[in-house]
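Inspection log for the structure reproduced underneath, given as C-alpha cells.
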Amino acid sequence: MRAIRAIAANTFREAIRDRILYLFVGFALAMVVSTKLFGMLTVGDEAKIVKDIGLASIQFFSMLIAVMMSMLLVSREVDSRTVFIILAKPVRRWQFLVGKYLGLVAIVTANLVFITVVLAVMVLAYTGQWDPMLFFAAAMTLLEMLVLAAFAILFAVLTRPILGSLMTLAVFVVGHTSAELWLLTRQLPGSLTRGLVAVVYHLIPNLERFNFRTEVVHGLPVAPAAVGWAVIYAVAFAAVALVLADLRFRSRDLR
Amino acid sequence: MSDIQLSVQGLWKTFHPGLFEADVEALKGLSFEVGRGEIFGFLGPNGAGKTTTIKAICEIIRPDAGTINVCGHPHTAPAAKRKLGFMSESPYVYRHLSGREYLRFCGELLGLPPAGMEARIAGVLDEVGMASRADRGLGTYSKGMQQRIGLAQALLGDPELLILDEPMSGLDPLGRRDVRDIILARAAAGATVFFSSHIIPDVEALCDRVAIVVDGRLRAIGTVDELLARDPVSFELTFTGAALDGLATPLEASHERSDATWVRVATPHRDALLAELGGRGARLLSLNPVRISLEDLLVEHSAEPTT
Ligand SMILES: Nc1ncnc2c1ncn2[C@@H]1O[C@H](COP(=O)(O)OP(=O)(O)OP(=O)(O)O)[C@@H](O)[C@H]1O
Ligand SMILES: [Mg+2]
C-alpha cells in the first residue's frame with residue numbers, strides 16, 4: 001500500500017506544481033467572489049443567490065479540475081513513459097490506477113475545501129451567519145467528483161486524452177439530464193427513444209443524486225436516506241469504472 | 001549454469017500497430033539464459049527486438065507466448081520485481097521532481113525501509129556522480145544527467161539483476177567510463193547484469209557472454225572468444241620476388257609496397273595462392289590469419305537475409 005500512497009502523493013505533487021491547476025482554481029475563485037455581483041443585480045434574497053451560484057460554480061470547476069487533471073496526469077504518465085519505471089518495480093497495474101485515482105481525488109478535495117471555505121466566509125460576511133450546510137453540499141459534490149474522476153481514468157486508459165475528456169464531459173452533461181429525460185419518456189408508450197433513454201439512464205450515473213443545492217440554499221430538510229444512497233451510489237459507480245479501467249489497462253502494451 | 005538469474009524461453013511478440021498498418025513480428029521464439037554474476041551483452045541491429053525483450057522482462061508489454069523467469073520467480077511476481085533494477089532506453093523522468101525527490105519516490109515504490117532511505121539515495125547519487133546536482137529539477141537536466149538518474153533509480157533497490165537498455169548511449173566518454181565502472185563494481189558485488197548496447201568496445205571489455213539477436217531470433221550466443229574463435233576468414237601475406245600481374249587466384253586486396261607486396265586472400269584460396277606464388281619463385285615474408293571482430297560478426301549477422 002506504500003506504493004499506492006507514493007503514486008497518489010506524486011500525482012498530487014505533480015498537479016500542485018502545474019500552472020493549469022491554478023488557472024482552474026483562479027477561475028473558480030473569481031466566479032465565487034463575483035457571485036456578490038449577481039446577488040446585487042438580481043431581485044430576491046441576496047444570500048441565497050450567492051449560495052446558489054457559488055455552489056454551482058464550485059461544482060462546475062470541480063468537474064473541470066477532475067476531468068482535465070485526470071486526463072492530463074494519467075495520459076502524461078503513460079505517454080511520457082514514466083510509467084515504465086513504475087511497472088518495473090513491485091507495483092501492480094491496478095495499484096498504479098488506484099494511486100493515480102486517489103491522487104486526483106486528493107487534488108479535487110483540496111480545491112473543493114479551499115473554494116468552499118471562501119464561499120462560506122463570503123456568506124458569513126454578507127449575512128453574519130456561518131452556514132455549515134455549504135460544506136455538506138460541497139461534500140455531495142465531492143461524491144459526484146469521485147464518480148467523474150473514475151470515469152475520467154477509465155476513458156484515459158481507453159482512448160486519447162482529447163476524446164477521453166469529451167467523453168467524460170458527456171458523462172457529466174448526460175448524468176445531469178438523463179433522469180429528467182427518463183421521467184419524460186417513461187410516460188411515452190414503448191418506443192425506440194424510450195428504450196434508448198432507458199439504456200443511457202442505467203449506464204450513465206445519475207449525477208442529480210448528488211445535487212442537494214436546493215435544500216442547502218433554502219434551508220430545507222435533507223433526507224438522510226438520500227444521502228446514504230448517494231454515498232453508496234458514488235462508491236459503486238466509481239468502483240465499476242475503476243474495475244473496467246483495470247481490465248483494459250491490465251492487458252495493454254505500453255510503448 | 002546451475003544458477004540462472006534470467007531465463008527467457010520461447011518468447012513471441014507481434015505488435016498490432018493499428019487498423020491500416022501491418023502487424024510487426026518483433027520476437028520470434030527468442031530463448032536464452034543468463035547465469036548468476038554474469039555480465040551479459042545483448043546485441044543486434046536496430047529493430048532486432050532488444051528493447052521489446054527487455055520490456056517483456058519488465059512487464060511493460062505482454063508477450064504472446066513464452067515464459068520469463070527473474071531470479072527464480074516468474075517475472076510478474078513482486079518477489080522478482082524487488083530483485084530487478086531496470087533502466088529504460090531513453091530516460092523518462094518527471095519534470096516536476098528534483099533528482100532526489102524522484103529517487104525517494106522510487107524508493108517508496110520499491111518498499112525500501114524508510115530508516116535507511118536517505119543514506120541509500122545519497123549512496124546511489126554518489127555512485128552515478130550526481131550528488132551535487134540532485135536537488136535540481138529533472139526538467140533542467142541534460143540527457144546524460146537524466147540517464148545517470150535513470151541508472152541511480154535502477155541501482156536503488158540493490159538489485160540482484162540489473163537490466164539496462166543501452167546504458168551508455170548519450171553519455172560523454174567520462175560518463176561511459178563511469179557506467180562501465182558501475183557495471184563492473186555491481187557484478188563484483190554479486191549482481192547479474194544484462195544490457196543491450198551498440199557500443200562494441202564496451203561489450204568486448206565488459207561482457208562474460210553475449211547474445212546476438214536479429215529479427216526477433218537468437219543468432220549466436222556465447223563468450224566473445226567462443227563467438228570469434230572460428231576459422232579465420234582470410235589471410236594476409238607479404239612476399240618479394242614475384243609480380244602481382246597475371247595471378248590466377250582471386251585476391252581480396254593487394255598493395256605493392258616499396259619493400260614487398262602485400263595481399264589479402266580468402267581462406268579457401270590460400271593454398272592455391274601459395275602454390276602459384278611458389279611456382280613463380282616468390283619469397284614469402286609473412287602469413288597471418290585475419291580473425292573476425294565482434295563488429296564484423298554483428299555486421300555479418302545483420303546483413304544476412306532472413307526468412
Ligand atoms: N509499440 C510498438 N508497435 C509496433 N511496433 C513496434 C512497437 N515496439 C516495437 N516495435 C517494432 O518491433 C521491432 C523491434 O523493436 P525494438 O525496439 O525491440 O528494437 P531494438 O532491438 O531495441 O532496436 P534499437 O537498437 O533501435 O533500440 C521493430 O521492428 C519495431 O518497429
Ligand atoms: Mg532498443
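Bear in mind these aren't lab numbers, they're just calculated from the coordinates by the rules spelled out. Source: prediction; values computed, not measured. Cβ coordinates were reconstructed from backbone atoms using ideal geometry, including for glycine residues, and neighbour counts include every protein chain displayed.
The table below lists the values:
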{"read-out": "Degrees separating the helix B:173-188 axis from the principal Cα axis of chain B, which is the longest one", "value": "80"}
{"read-out": "Fluctuation leader among B:274, B:155, B:110 - chain B, Gaussian network, Cα springs under 10 angstrom", "value": "B:274"}
{"read-out": "Partner chain coverage, peptide A:76-88 - average Cβ within 10 angstrom", "value": "6"}
{"read-out": "In segment B:204-307, the GluC sites (Glu not before Pro) that fall in loop regions by DSSP, at most 10 other Cβ within 10 Å", "value": "none"}
{"read-out": "For residue B:81, net neighbour charge (Lys/Arg +1, Asp/Glu -1) across residues whose Cβ lies under 13 Å away", "value": "+3"}
{"read-out": "Dipole of the protein assembly as shown [Lys/Arg +1, Asp/Glu -1 at C-beta], most positive-end residue of B:284, B:258, A:166", "value": "A:166"}
{"read-out": "Cα gyration tensor shape for chain A, rounded if a/c is under 1.5, else prolate or oblate", "value": "oblate"}
{"read-out": "Top positive-direction residue, dipole computed over segment A:60-112 with Cβ charges, set A:107, A:82, A:65", "value": "A:82"}
{"read-out": "Angle between chain A longest axis and helix A:93-127 axis [Cα atoms, degrees, rounded to 10]", "value": "20"}
{"read-out": "Spin-label model distance (nm) - residue B:287 vs residue B:67, 7 Å beyond Cα toward Cβ", "value": "5.3"}
{"read-out": "Separation in nanometres of the label points that stand 7 Å from Cα toward Cβ, at residue A:252 and residue A:158", "value": "1.2"}
{"read-out": "All lysines inside 25 Å of residue A:51 as judged from Cα atoms, apart from same-chain residues fewer than 8 positions distant", "value": "A:36"}
{"read-out": "Exposure proxy ranking, count of Cβ atoms within 10 Å, fewest first, for B:176, B:291", "value": "B:291, B:176"}
{"read-out": "Point-charge dipole on Cβ atoms (K/R +1, D/E -1) for the protein assembly as shown, about Cα centre, debye to 20", "value": "1680"}
{"read-out": "At most 15 other Cβ within 10 Å, DSSP loop - trypsin sites (Lys or Arg not before Pro), segment B:47-143", "value": "B:95, B:136"}
{"read-out": "Virtual paramagnetic centre 7 Å along Cα→Cβ of residue A:229, amide N under 17 Å, in segment A:165-193", "value": "A:176-184"}
{"read-out": "Selected from A:119, A:229, A:251, residue furthest toward positive end of dipole (chain A; charges at beta carbon)", "value": "A:251"}
{"read-out": "Chain B, dipole about Cα centre (Lys/Arg Cβ +1, Asp/Glu Cβ -1), debye to the nearest 20", "value": "720"}
{"read-out": "√(5λ) per eigenvalue of the Cα gyration tensor, the protein assembly as shown, largest first, Å", "value": "66, 25, 20"}
{"read-out": "Proximal charge balance of residue B:170 [Cβ under 15 Å; K/R count +1, D/E count -1]", "value": "-1"}
{"read-out": "Per-pair calculated FRET efficiency, R0 = 45 Å: residue A:37 and residue A:188 via Cβ, rounded to 0.05", "value": "0.60"}
{"read-out": "Directionally averaged projected area (convex hull, Cα atoms, chain B), nm²", "value": "21.8"}
{"read-out": "Taking A:144, A:46, A:14 and counting other C-beta atoms within 10 Å, the order from fewest to most", "value": "A:46, A:14, A:144"}
{"read-out": "0 to 90° range, to nearest 10: angle between helix A:192-203 axis and chain A longest Cα axis", "value": "80"}
{"read-out": "Size of charge dipole - segment B:234-291 - debye, nearest 20, with Cβ of Lys, Arg +1 and Asp, Glu -1, no other charges", "value": "140"}
{"read-out": "Histogram of C-alpha separations across segment B:60-169, 5 Å bin width, %", "value": "2, 12, 22, 23, 19, 12, 6, 3, 1, 0"}
{"read-out": "Residue-wise HN-Hα coupling along segment B:101-118, computed from phi with Karplus coefficients 6.51, -1.76, 1.60 (Hz; x: Gly, Pro)", "value": "4, 4, 5, 4, 4, 4, x, 4, 4, 6, x, 5, x, x, 4, x, 4, 4"}
{"read-out": "Additional length obtainable on full extension of the chain from residue B:248 to residue B:280, 0.36 nm per residue less Cα span", "value": "10.3 nm"}
{"read-out": "FRET efficiency estimate (nearest 0.05) - Cβ-Cβ, residue A:114 to residue A:45, R0 22 angstrom", "value": "0.30"}
{"read-out": "Subset of A:100/B:81; B:28/B:50; B:28/B:55; A:89/B:28 violating a 24 Å alpha-carbon distance limit", "value": "A:89/B:28"}
